[in-house]
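A.B. asks: Input: one structure, supplied below.
The values are calculated or read from the model by the stated rules, or taken from the named source; none is laboratory data. The model shown is predicted, which means the values in this text are computed figures rather than measured ones. Positions of Cβ are backbone-derived with ideal geometry, glycine not excepted, and every protein chain shown enters the neighbour counts.
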Amino acid sequence: MAYPVEEDGFYDEAFEATGVLRAPYRDVLPLLAEADLGELATAVAAGVEQLGVSFGSGAAAEPFHVDPVPRVLDAAEWELIERGLRQRVRALARFTADVYAGREIVAAGVVPARAIETCRHFEPWMLGVDVPEWSYTAVAGMDLVRGADGLLWVLEDNLRTPSGITYASAARAAVDAAMPGKPPAARRSLAPAYEALRSALREAAPEGDGEPFVVLLSDGPSNSAWYEHRQLAQRLGLPLVTADDLYPSRGALRAMVDGQSHEVDVVYRRTDEDRLQDDRGHATWVAEVLLDPCRLGRLACVNAFGSGVADDKLVHGYVEAMIRFYLGEEPLIRSVPTFDLGVPSVRDSILARIDEVVIKPRAGHGGYGIVVGPHARAEDRERVAEQVRADPDGWVAQETVMLSRHPTVDGATLSPRHVDLRAFVVTAGDHLEVAAGGLTRFGRDAGALVVNSSQNGGGKDTWVLS
């Protein structure tokens, strides 16, 4: 099987620089050696279409692109990832609860108050509201990247509405059906993550008698992750509702489901609108529907409103300090170095080497607005530099990570494509479950360093070996 292993500074997930297969792949890639890769890719695409897996909103929704070549992680590396992500989520939960209570971390000088108060997703209306600490981070999605040295780093934390877990399951189903031979018996299952999510939603409910009534709240087909919303509702046995199905009643929230009215105990919110206040300070529609029952303790929202302060791209730069402050531990997985452009000296230093760093809109998502300095045109670097000077609190900078590459079907051959890993952590009370593998995302275009689905990215099945 021809595959170009180039000594150009990038780490290849499957091959050593000498061209020798890395140990986790020695029972995997040989399965593909005799296969017609073009036919295999066609079979996987047909499986994806049959499953109805799509990404995008409304008429613009397209089949999710799944590559047949799985990513494989061995047990030792995954054990470190699990411990590192659990540690990170515990610290982020402590931080978010602290933001809306005593702000001990600010008083200690570890995180500046400005980082919180200029955060687009800081929610003043949640100050003093009593919610379980863990509910801020009940569902977390961390984006991991591997640099040229082979080390894994956390590029971003996603806590408001992280998506992708059902896409990981769909990728597995489509690849398993098309792959010649059987996957290894030692491959770990994604099923415990769904069980943990079901437990988290029950655990989040306000105290009361009987089984809580839980709904999944979606925008409907206009949401780019509409496929995932339907799949999650089906897997978890939840009614799938939209705003039109909800109405307040005597301090509680009620939902019309199958023609009957039910008092709702827990809302698993997956809407595009994720703020309580809009840019004018007015209540958003989710605030009008959900906020009062939440403040009265009659309703729980997962993740709890206010969690966005912990996935802010500037706050990301302080997570290692949070781990030391709240847990008294050293970070097991490091954050990609992130720079606060609101500090004049830092801003001047970064703009002086803008061709070396990545500039991101602080509240951006989906890969939009990112300028990768080493690969950007001079005019794009100058444009974003002017935007940073005009609104330094609206942007962050990160060191450029030379994203690792992975063998990917390109026509009838294998070619390297850059990858990251969207890993999922589900918290239910004291239990934290890391989904075994998560979703590997890849840039479909040669050399593409932005791998988000909204930026022409695709997904790979991710195997964790026991």
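A.B. asks: What are the residues in region 105-114 that are touching a residue at least 12 places away in the same chain (Cβ under 8 Å) and in a helix (DSSP H, G or I), if any?
C.D. replies: I105, R114
A.B. asks: Return a yes/no flag: does region 294-303 have any residue that is touching a Cys at 6+ places or on another chain (Cβ under 7 Å), in a helix (DSSP H, G or I) and touching a residue at least 12 places away in the same chain (Cβ under 8 Å).
C.D. replies: Among the residues of region 294-303, at least one is touching a Cys at 6+ places or on another chain (Cβ under 7 Å), in a helix (DSSP H, G or I) and touching a residue at least 12 places away in the same chain (Cβ under 8 Å), which makes the answer yes.
Conditions tested, residue by residue: (1) in contact with a strand residue (DSSP E or B) (Cβ under 6 Å, 6 or more places away or on another chain); (2) part of a helix (DSSP H, G or I); (3) among the basic types (K, R).
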| site | (1), (2), (3) |
| --- | --- |
| R90 | no, yes, yes |
| D98 | no, yes, no |
| I116 | no, yes, no |
| W125 | no, yes, no |
| G128 | no, no, no |
| W134 | yes, yes, no |
| V145 | yes, no, no |
| E156 | yes, no, no |
| A173 | no, yes, no |
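A.B. asks: Also: In region 1-26, which residues are modelled with pLDDT of 85 or more and either acidic (D, E) or over 20 Å from L403 (Cβ atoms) (or both)?
C.D. replies: D12, E13, E16, T18, G19, V20, L21, A23, R26 - these are the residues of region 1-26 that are modelled with pLDDT of 85 or more and either acidic (D, E) or over 20 Å from L403 (Cβ atoms) (or both).
A.B. asks: Let me ask another. Quick check: anything in region 379-393 polar (S, T, N, Q) and under 18 Å from the mean Cα position of the chain (by Cα)?
C.D. replies: Initial filter on region 379-393 (polar (S, T, N, Q)): 387.
Going one step further and asking which of them are under 18 Å from the mean Cα position of the chain (by Cα), we end up with none.
Within region 379-393, not a single residue is polar (S, T, N, Q) and under 18 Å from the mean Cα position of the chain (by Cα).
A.B. asks: Just to check your reading of the model, which residue among A186, A193, A174 is farther than 16 Å from A423 by Cβ and within 22 Å of the chain's Cα centre (by Cα)?
C.D. replies: None of the others qualify; the one that does is A174.
A.B. asks: Here's a check for you: in region 175-189, which residue that is of a type in the set (A, V, I, L, M) and assigned to a loop (DSSP other than H, G, I, E, B) is surrounded by the fewest Cβ atoms within 10 Å (Cβ to Cβ)?
C.D. replies: A185
A.B. asks: Just to be sure before I move on: is V69 over 25 Å from R202 (Cβ atoms), in the same structural domain as D265 (by TED's automatic domain parsing) and in a strand (DSSP E or B) in the structure I sent?
C.D. replies: For V69, the condition - over 25 Å from R202 (Cβ atoms), in the same structural domain as D265 (by TED's automatic domain parsing) and in a strand (DSSP E or B) - is met.
A.B. asks: Given the condition at pLDDT 95 or above, surrounded by 22 or more Cβ atoms within 10 Å (Cβ to Cβ) and either in a helix (DSSP H, G or I) or among the basic types (K, R) (or both), answer yes or no: does some residue in region 325-338 qualify?
C.D. replies: Among the residues of region 325-338, not one is at pLDDT 95 or above, surrounded by 22 or more Cβ atoms within 10 Å (Cβ to Cβ) and either in a helix (DSSP H, G or I) or among the basic types (K, R) (or both), which makes the answer no.
Residue-by-condition table, conditions (1) touching a helix residue (DSSP H, G or I) at 6+ places or on another chain (Cβ under 6 Å); (2) among the hydrophobic types (A, V, I, L, M, F, W, C); (3) free of Cβ contacts under 8 Å to residues at least 40 places away in the same chain; (4) crowded, with 18+ Cβ neighbours inside 10 Å:
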{"site": "V215", "(1), (2), (3), (4)": "no, yes, no, yes"}
{"site": "M256", "(1), (2), (3), (4)": "yes, yes, yes, no"}
{"site": "D265", "(1), (2), (3), (4)": "no, no, no, yes"}
{"site": "R269", "(1), (2), (3), (4)": "no, no, no, yes"}
{"site": "H282", "(1), (2), (3), (4)": "no, no, yes, no"}
{"site": "D311", "(1), (2), (3), (4)": "no, no, no, yes"}
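A.B. asks: Of all residues in region 12-64, which are surrounded by fewer than 16 Cβ atoms within 10 Å (Cβ to Cβ), under 29 Å from the mean Cα position of the chain (by Cα) and part of a helix (DSSP H, G or I)?
C.D. replies: Within region 12-64, A23, T42, A46, E49, Q50, G58, A59, A60 meet the criteria.
A.B. asks: Let me ask something additional. Name the residue, out of D393, D380, D348, that is in a helix (DSSP H, G or I), in contact with a strand residue (DSSP E or B) (Cβ under 6 Å, 6 or more places away or on another chain) and surrounded by fewer than 18 Cβ atoms within 10 Å (Cβ to Cβ). It would help to see each step written out before you state the result.
C.D. replies: Numbers: D393 fails: in contact with a strand residue (DSSP E or B) (Cβ under 6 Å, 6 or more places away or on another chain); D348 fails: in contact with a strand residue (DSSP E or B) (Cβ under 6 Å, 6 or more places away or on another chain).
When all the criteria are applied, what remains is D380.
A.B. asks: Here is a further query. Restrict the check to region 70-82 and report whether at least one residue is surrounded by fewer than 20 Cβ atoms within 10 Å (Cβ to Cβ) and under 29 Å from F305 (Cβ atoms).
C.D. replies: Yes, because at least one residue in region 70-82 is surrounded by fewer than 20 Cβ atoms within 10 Å (Cβ to Cβ) and under 29 Å from F305 (Cβ atoms).
A.B. asks: Something else about it: Tally up the residues in region 190-248 that are farther than 27 Å from G56 by Cα, of a type outside the set (A, V, I, L, M) and either assigned to a loop (DSSP other than H, G, I, E, B) or outside the structural domain of T271 (by TED's automatic domain parsing) (or both), please.
C.D. replies: 8
A.B. asks: A follow-up question, please. Test D348 against the criterion of being acidic (D, E), on the phi < 0 side of the Ramachandran plot and modelled with pLDDT under 95, and give yes or no.
C.D. replies: no
A.B. asks: Next question, about the same structure. Quick one: M402 ticks every box in (1) modelled with pLDDT under 95; (2) under 20 Å from V44 (Cβ atoms) except a single one, so which number is it?
C.D. replies: (2)
A.B. asks: Among (1) of a type outside the set (V, I, T); (2) part of a helix (DSSP H, G or I); (3) not assigned by TED's automatic domain parsing to the domain that holds M142, there is one condition H316 misses while meeting the rest; what is its number?
C.D. replies: (3)
A.B. asks: Taking interchain pairs and intrachain pairs at least six residues apart, which have beta carbon atoms under 9 angstrom, with the first residue in region 175-189 and in contact (Cβ under 8 Å) with a residue 40 or more places away in the chain and more than 17 Å from G47 (Cα to Cα) and the second exposed (fewer than 14 other Cβ atoms within 10 Å of the Cβ) and of a type outside the set (S, T, Y)?
C.D. replies: A186/A75; R188/A75
A.B. asks: If you go through region 406-425 one residue at a time, do you hit one that is part of a strand (DSSP E or B), farther than 22 Å from H65 by Cβ and not hydrophobic (A, V, I, L, M, F, W, C)?
C.D. replies: Checking region 406-425: not a single residue is part of a strand (DSSP E or B), farther than 22 Å from H65 by Cβ and not hydrophobic (A, V, I, L, M, F, W, C).
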